[in-house]
Amino acid sequence: MAGVIVRCVGCSFLCFLLTFLGPPLYWGIVGRYTDNARDARSKAALKRYAAYEEAASNWANLHGSGGAGSAYQSDTTADLGGLTASADALKAEDDGDDEISPREIHEESPEEKLFQPVAKPEEPVVPSHEDDEHDEPATAPEIPDISGISWETPSTAPKAFQPIVEPKRPPVRSEDYLLTRERVAKHATSDGLIMVTWANYHYLDFALNWLGHLSRLGVKNVMVGAMDHEMLEALVERGVPTFSMESGLTTGDFGWGTPTFHKMGREKINLFVKFTEMGFDVLISDIDTVWLRDPLPYMAEYKNADVLTSSDHLSATTTDGGLESWPNAGSAANIGIMLFRRSANKLARKWLDMLEKDDKIWDQNAFNDLYRKGGMGGRSSENRVFKGYDGTLSFGILPVSLFCSGHTYFTQQMPMKMGVTPYVIHATFQYSGTDGKRHRFREHMIWDDVPEYYLNGKAGKGFLMYDADVPQELINNAKTSPEAHFELVNYQLLSVRSALALAQITGRALIMPKLWCGQDRWWAPHRGIIPGSQLKLPYECPMDHVFDIERFQRQRDEKVFGPHIDFREYSFLDNPRMPDGVKQSMNIMRFQDTRDHGGAGGEIMTEAEFKEVHDAHHLGARVLRLDGKANKFFHLYSDPQLQQKFEMRLKEYASIWCCKHAHPGHIWYDFFFDIPHTDRHMRQWTGLDGAKPWTPVTGP
């Protein structure tokens, strides 16, 4: 169905679709690709979401009714108690006035029926390989008998967001979904609090992930703003509580720091103004957030705060679950997660006014200037709320261990080390754009992928993995200097390089290994860690600290770069969404086995030799695990043309480390540091020896 747009002609064909193929397919073809959306939607967006549409109904069926929350979901879901009220108990009073009180709860809409709590998953069972024999040569393993094994998504997996499918729906008109008090009141809590995010069509999958996690938590008081008509259509089709924001901005990626990015930020500030003017308290989070706990009870604990904000502070000043301590947590407020009460409307309007007068001001800087205006007062209460904005409002800094930045969660892993479950994770402090954010969530198993992702496509050839086996001495020494850090990373690059080649040869997707780093990555010079960070070196680093994930996923001309190489995150097989059949269909290729099956007497194989062994003994296995480092099995292509294309591809995959106290201070990683080559910047190296051996030099 991907990329194909079907126009229904005649009632008979429409009836055929409805009767035999069912409503999900009908809306996947007819409702999804209307004429207007078809003309406006980009080819990239069509390609991205075609698979989602095709698998949407199957995804719901595979999960059944026994879905579950996130792998990191809290053991208990807080009782909303007085935060919600039944439609029967609270009826809106018809006084002839269009103004609706936030406390007035309307009859439950079809949108509200989506948000139902589900059970928490049991811990996934992952096959253990601790007893595998590594010392004795063995005959090639037989393909395991997988008859009777389930290839369906486990019933204990987190339940994906399920759209409401209706047989008929009139065309979506923006004027029918304006942001009004009546619309918001349908979804706000009984005391007038609403959770909001907003996005354009490019971020539809992020919106569905945002909604999926909140629905599993039983949080119903949510709305999603649609910044373009394509997004509005997509949300309406799925029964999502939404409102039209049609901004006229791009339907693609905003791009951090671009003029479009800044204009998008102004749309958010306008939301603070509108919601508070209508008399609501609003908790707005950016689209690149994932909620793991219901935040509404936490917000209710701080009624004396006009504004609560997340922070870019990189160390915890408290450990009791309360707000951070001011002024100890004095880093910049991060406006990606903020609660604005209706009492802060004047601040919201002043904030928006500043941005409209100067389009070069960054919205986050403007807020930090405003709330610090006039100096900051001391604590106004025992719960660490303090005065700001000329002493006229009360503020609180949300705890960085519970309302996490990308650094405190993904890099420091602060909540895990403190033994707490965070409320939310914001994908900041990362280095590969939208693709990098998505991958961060996948690494920590908090991203709702479609089932095809776990099967490597219907025609996919399965997955490849290997045992990384990084020497502990290298890991321990890597924190001493950038040079020692590069020694550690380069050791890992050799195996990743070989594994990528073997994935390319076999057509399998490579399951990336966990990566170790000895020096943190930042945008400015540092001495191992970001100033103020509580990171302990060395550390398990996210993939985007070393690799450019955007370029990894980009399709290239295969005549120049060779076949595309697919990949998966290191936690792929541990994900509770993984079908048991994939994990149980695993073969292990031992280095000793190659002696009798095409290999050169247990030595490194050529591409032809490896392909022969693979096709003869491992072709049917969904997962092929190499017993040891990948570069023990394969080094470089023996065919010069294949090697040249492979080098062209991998030169784009490596990213940078930053930064030394120099100008420039960044250093490029190099997949081919160990052999004579010309790097991506046309610098010639002679490998590890020779006239110009590779060294970690800064620039260009």
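Annotations
- Search result, residues across region 166-213 that are basic (Lys, Arg) and in contact (Cβ under 8 Å) with a residue 24 or more places away in the chain: ARG169, ARG181, ARG183, LYS186
- Residue selected from region 465-523 under the condition of a type in the set (Phe, Trp, Tyr) and assigned to a loop (DSSP other than H, G, I, E, B), by the criterion surrounded by the fewest Cβ atoms within 10 Å (Cβ to Cβ): TRP523
- Residue within region 419-440 that is part of a helix (DSSP H, G or I) and more than 30 Å from GLU647 (Cβ to Cβ) present: no
- Residue check for ILE565: within 30 Å of ILE667 (Cβ to Cβ) and modelled with pLDDT under 90: no
- Of all residues assigned to region 314-332, at least one qualifies as being among the aliphatic types (A, V, I, L, M), surrounded by fewer than 17 Cβ atoms within 10 Å (Cβ to Cβ) and out of contact with any Gly (no Cβ under 9 Å at 6 or more places or on another chain).
- Residue match in region 370-384 (condition: buried (at least 16 other Cβ atoms within 10 Å of the Cβ), touching a residue at least 24 places away in the same chain (Cβ under 8 Å), within 26 Å of the chain's Cα centre (by Cα) and outside any loop (DSSP other than H, G, I, E, B)): no
- Checked against (1) free of Cβ contacts under 8 Å to residues at least 60 places away in the same chain; (2) of a type outside the set (Val, Ile, Thr); (3) part of a helix (DSSP H, G or I), LEU573 meets all criteria but (1).
- Cβ pairs under 8 Å, 6+ apart, first in region 312-338 and within 19 Å of THR428 (Cα to Cα) and in the same structural domain as SER533 (by TED's automatic domain parsing), second surrounded by fewer than 22 Cβ atoms within 10 Å (Cβ to Cβ) and of a type in the set (Asp, Glu): none
- All told, TRP694 meets the bar of being outside the structural domain of PHE591 (by TED's automatic domain parsing), aromatic (Phe, Trp, Tyr) and without any contact (Cβ under 8 Å) to a residue 40 or more places away in the chain.
- Filtered residues of region 624-672 (kept if small (Gly, Ala, Ser) and outside any loop (DSSP other than H, G, I, E, B)): ALA630, ALA654
- Given (1) aromatic (Phe, Trp, Tyr); (2) outside the structural domain of SER311 (by TED's automatic domain parsing); (3) at pLDDT 95 or above, number of the condition TYR409 does not satisfy: (2)
- Residues in region 206-248 that are part of a strand (DSSP E or B) and among the polar types (S, T, N, Q) were compared, and the one that is nearest to ASP281 (Cα to Cα) is THR242.
- The number of residues in region 653-681 that are without any contact (Cβ under 8 Å) to a residue 24 or more places away in the chain and touching a Pro at 6+ places or on another chain (Cβ under 8 Å) comes to 1.
- Condition met for ASP548 (at pLDDT below 95 and either under 28 Å from LYS611 (Cβ atoms) or crowded, with 19+ Cβ neighbours inside 10 Å (or both)): no
- Qualifying residue in region 171-186 (condition: under 22 Å from the mean Cα position of the chain (by Cα) and at pLDDT 95 or above): no
To keep it simple, each residue is scored yes or no on (1) in contact with a Pro (Cβ under 8 Å, 6 or more places away or on another chain); (2) within 18 Å of ARG438 (Cβ to Cβ); (3) buried (at least 23 other Cβ atoms within 10 Å of the Cβ).
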position: ASN209; (1), (2), (3): no, yes, yes
position: GLY218; (1), (2), (3): yes, no, no
position: VAL222; (1), (2), (3): yes, no, yes
position: GLY225; (1), (2), (3): no, no, yes
position: LEU235; (1), (2), (3): no, no, yes
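- Given (1) in contact with a Phe, Trp or Tyr (Cβ under 9 Å, 6 or more places away or on another chain); (2) without any contact (Cβ under 8 Å) to a residue 12 or more places away in the chain, number of the condition GLU647 does not satisfy: (2)
- From GLY436, GLY518, GLY462, residue being touching a residue at least 12 places away in the same chain (Cβ under 8 Å), in contact with an Asp or Glu (Cβ under 8 Å, 6 or more places away or on another chain) and of a type outside the set (A, V, I, L, M, F, W, C): GLY436
- Taking (1) modelled with pLDDT of 95 or more; (2) over 28 Å from the mean Cα position of the chain (by Cα); (3) on the phi < 0 side of the Ramachandran plot in turn, LYS168 satisfies each apart from (1).
- Within the option set TYR389, TYR423, TYR409, being within 18 Å of the chain's Cα centre (by Cα) and free of Cβ contacts under 8 Å to residues at least 60 places away in the same chain holds for one residue only, TYR409.
- Those residues of region 334-358 which are outside any helix (DSSP H, G or I), among the hydrophobic types (A, V, I, L, M, F, W, C) and under 16 Å from LYS387 (Cα atoms), in sequence order: LEU339, PHE340
The values are calculated or read from the model by the stated rules, or taken from the named source; none is laboratory data. Just so you know, these numbers come straight off a predicted model, no measurement behind them. Cβ coordinates were reconstructed from backbone atoms using ideal geometry, including for glycine residues, and neighbour counts include every protein chain displayed.
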